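Below: one structure, written as structure tokens.
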Amino acid sequence: MSPQALLSDLTRLASNYRWTWASVTQTLFRDLPGHDEGLHPVGIVAALDDETIRALAGDDGFVARVRDEVDELDTLLAGSVEPSIAYCSPEFGLSALLPQYAGGLGVLAGDHLKTASDLGTPLAGVGLFYREGVFRQVLTGGTQTEEYGVIDPKAVGAEDTGVRVSVPFPGREVQARVWRIMVGRVPLLLLDADVEENTESDRTITDRLYAGSREHRLDQEMILGIGGARALDAMGWDIRLHHLNEGHAGFLLFELIDRIHDGLTLEEARDRIRPGITFTTHTPVPAGIDCFHVDLLRPYFETWARRWGCSVESLWEMGVDPEDPSIFNMAALCLRNAASANGVSSLHGEVSRKLFAGVGIGDEIGHVTNGVHARTWTAPHFQRLFDEVLGTGWADGEESAWRKVTDIDDRSLSSARAAASRALTELVEARTGATVDPDRLIFGFARRFAPYKRASLLLRRPEALEELLSRDDRPVHFVFAGKAHPSDENGKALVADLLAAAGSDRFGGRITFIPDYDMSVALAMVQGCDVWLNNPIRPREASGTSGEKAVLNGVLNCSILDGWWAEMCDGRNGWEISASEADDPDRRDDEEAVSMMATLEGIAVEYHRARPVFLGRIRHAWSSLGPRVTAARMLRDYTDSVYTPSAAGGGQARGDV
């Protein structure tokens, strides 16, 4: 192979995010000179000098490995179909090396695209390209501060499609470039306002995710919704269904109405587009919904009202908040104009029906429980073990495959768990300098530090915690990671509390906090911990997919019955933290902290004194949960209950039939 051909092949492999779940491709990049876990494969390949490329091209074994992976990619892409479903989301979590996500919503969106590639679902993603992405967490003096970098789209595998879209704003048009990132065979379009045609102010609209003023957020959502719809149209795709992942892209509805409004009333146009819209809500509380005040939104609506010859009030009614007529509620906008809507777990569906009862269609909200992309989140040792014993169907959630977990012997299970734990302890030492003995029982807690998730709940029982941590006959260690939103002072206080506990002599160095939480830290933790903690205020955790990732790695859940765990816990596949019935928040937290510490004590006894029982619990967790926690199961549920029925009506929504 010529050096030029080899460089071209490596660049192709690095630019397609299939490498995020293709372990063989990941190993290929790790074997390249100059590899660094913190560098994007595109950058690693670009940094190879001519002499290195010539040497690699002369290595027949390495060339054969590259050709095998390129053939795998070509085979995958040969099965591509034109997208007919658009998945619209403000964030997409594909890799820690592409920081275009803030938390679970984005990681779920990334897993959705990866699974669509696996299953051949005719889907495309659409979002924004944030030039500064999300912040890096810096811990200084026991407190969190934030730093931002600058991201070059081409340096992370984005391709300029050549498409530009124009979005109407009060008194002007804002332009956006459309980048494309390939996720296996699924295209992801990302809109970027940092173009020369825009004013300096408008060029910063897509600078950071979830940062800035309310006007800044509104401007981003105008680009995402209206610009996103126009970008999809400019690609020439016949999109028959738009799936709105939360309400941030809700203004897409305005663009769809604009295409057909001639000769129709606003209500008639809304009825025409409705069959091609489905909406997923992820929030169980009103505070989690994007809302805008009438004074802020009116100038934007005046543009559309003039365009359609209707009143601003008629547009306002599309999304007016049921409790406050001066507020425009993005979830209400989506719910009132979608053919279907769902929560992300059974319990969350119930909560959503109550939360949105005032919108008028609350009773119609169903649920599709979230799942996770198995190949992305399962440790390599377990992937090899599962492929060998269960067959490859485990990653697609095949029940027949997961029934074979009884064939996994104790030695193989323990060996794979030990390898994952060692990888975690190595990351902890590299990030913190602290030492975690992988033979200890490792409890893990890693997620966004929103106050309702109660990261520091166990600190309400310091005496019990101290007693648990002091037992050398059954040693345990707690590993925490997470970051708070820059404007969330309560969340930052939780970070400070955990940092103080980690540094306290009282707990003997058996609490560790890993800084700068991201997908790479999450990956190591859901693979390397032994027990996964989750103690939100019920029922405020809509789904909580980190625990599902843990399941795939033989990590057992210990959780409040909330989110996905409320419908899947059977009493033997993990542990339940008893929820308090107290109305007083302090009493509730105290009672649940008591329940949690008692449960953790029992887990420590079982782990160290009844290891066969603990391993049997892992097998039962796999058999009872394995088929249910995969994103393949989730996407099949969407296809059966939403995509196929809704997409069939999408053509009529556009006036095609």
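Observations, loosely collected:
- The chain, accessible surface, carbon-and-sulfur percent (1.4 angstrom probe): 47 percent
- Net charge in the neighbourhood of ASP321 (other residues with Cβ under 12 Å of its Cβ; Lys, Arg +1, Asp, Glu -1) is -3.
- Within the full protein context, the accessible area of THR639 is estimated at about 40 Å² for a probe radius of 1.4 Å.
- As a length-normalised measure over Cα pairs under 8 Å and 6 or more apart, the relative contact order of the stretch 517-657 settles at 20 percent.
- Rg over Rh, two decimals, the stretch 231-351 (C-alpha only, Kirkwood Rh): 0.97
- With q set to 0.19, 0.23, 0.26 Å⁻¹, the log10 of I(q)/I(0) for the stretch 94-162, from the Debye formula over equal scatterers at the Cα positions, is -0.89, -1.14, -1.27.
- Probe 1.4 Å, accessible area per residue of the chain, Å²: 37 Å²
- Convex hull of alpha carbon positions in the stretch 39-92: directionally averaged projected area 6.1 nm².
- Taking only the C-alpha atoms of the stretch 484-595, Rg followed by Dmax gives 15.1, 40 Å.
- Based on every Cα atom in the stretch 111-233, Rg and the maximum pairwise Cα distance Dmax equal 15.8, 50 Å.
- The eigenvalues of the Cα gyration tensor, multiplied by 5 and square-rooted, give the stretch 169-238 an equivalent ellipsoid with semi-axes of 22, 14, 11 Å from largest to smallest.
- Percent of Cα pairs exceeding the 25 Å cut-off, where the set is the stretch 335-439: 51 percent
- Sparse-neighbourhood loop sites, GluC sites (Glu not before Pro) in the stretch 336-396 - DSSP loop, at most 11 other Cβ within 10 angstrom: none
- Expected-Rg normalisation [2.2 N^0.38 Å, Cα atoms] applied to the chain: 0.96
- From the alpha carbon centroid of the stretch 552-598 to that of the stretch 434-484 is 15 Å.
- Dividing the summed helix terms, -39500 (n - 2.57) for each DSSP H run of n ≥ 4, by the number of residues in the chain produces a 222 nm estimate of -13000 deg cm²/dmol to the nearest 500.
- Using C-alpha pairs under 8 Å with a sequence gap of at least 6, the mean separation divided by the residue count of the chain gives a relative contact order of 13 percent.
- The stretch 88-116 versus the stretch 1-67: alpha-carbon centroid distance in Å: 24 Å
- Taking a ≥ b ≥ c as the square roots of the Cα gyration tensor eigenvalues, the stretch 504-567 comes out prolate, since a/c reaches at least 1.5 and a/b is larger than b/c.
- Given LYS154/LYS492; LYS404/LYS549; LYS492/LYS549; LYS114/LYS404, the pairs whose alpha carbons are separated by over 23 Å: LYS154/LYS492; LYS492/LYS549; LYS114/LYS404
- Local charge for LYS492 was computed over the other residues whose Cβ lies under 14 Å away, with Lys and Arg +1 and Asp and Glu -1, and equals -1.
- Note on surface exposure: LYS354, LYS154, LYS492 rank LYS354, LYS154, LYS492 by accessible area, highest first, 1.4 Å probe.
- Rg and Dmax of the stretch 52-173, based on Cα coordinates, read 19.3, 61 Å.
- Each Cα pair under 8 Å and six or more residues apart adds its sequence gap; the mean of these over the residue count of the stretch 212-291 is a relative contact order of 34 percent.
- Computed over the stretch 300-354, Kirkwood Rh from alpha-carbon pairs, angstrom: 12.7 Å
- In this Cβ point-charge picture (+1 for Lys and Arg, -1 for Asp and Glu), the chain has a dipole of about 820 debye about its Cα centre.
- Inter-probe distance in nm under a simple model that places probes 7 Å from Cα toward Cβ, at GLU37 and THR432: 1.5 nm
- Among the protein heavy atoms, those of ARG375 account for about 50 Å² of accessible surface (1.4 Å probe, every chain in place).
- Under the span-like rule (Cα at least 24 Å along the axis, Kyte-Doolittle mean at least -0.5), DSSP H helices of the chain: 60-78, 410-432
- Space enclosed by the convex hull of the alpha-carbon atoms of the stretch 388-455, per residue, Å³: 161 Å³
- Loop-resident sites, the stretch 539-630, for trypsin sites (Lys or Arg not before Pro), counting at most 12 other Cβ within 10 Å (DSSP): ARG572
- Sequence of HIS261, HIS381, HIS35 from largest to smallest accessible area, 1.4 Å probe: HIS381, HIS35, HIS261
- Electrostatic bookkeeping for ARG431 treats Lys and Arg as +1 and Asp and Glu as -1; over the other residues with beta carbon under 14 Å from its beta carbon, the sum is -3.
The values are calculated or read from the model by the stated rules, or taken from the named source; none is laboratory data. Computed from a predicted structure; not experimentally measured. Cβ: placed from backbone, ideal geometry, glycine included. Neighbour counts: every protein chain shown. For accessibility, only protein heavy atoms count, side chains too; no ligands or nucleic acids. Shrake-Rupley method; radii C 1.70, N 1.55, O 1.52, S 1.80 Å.
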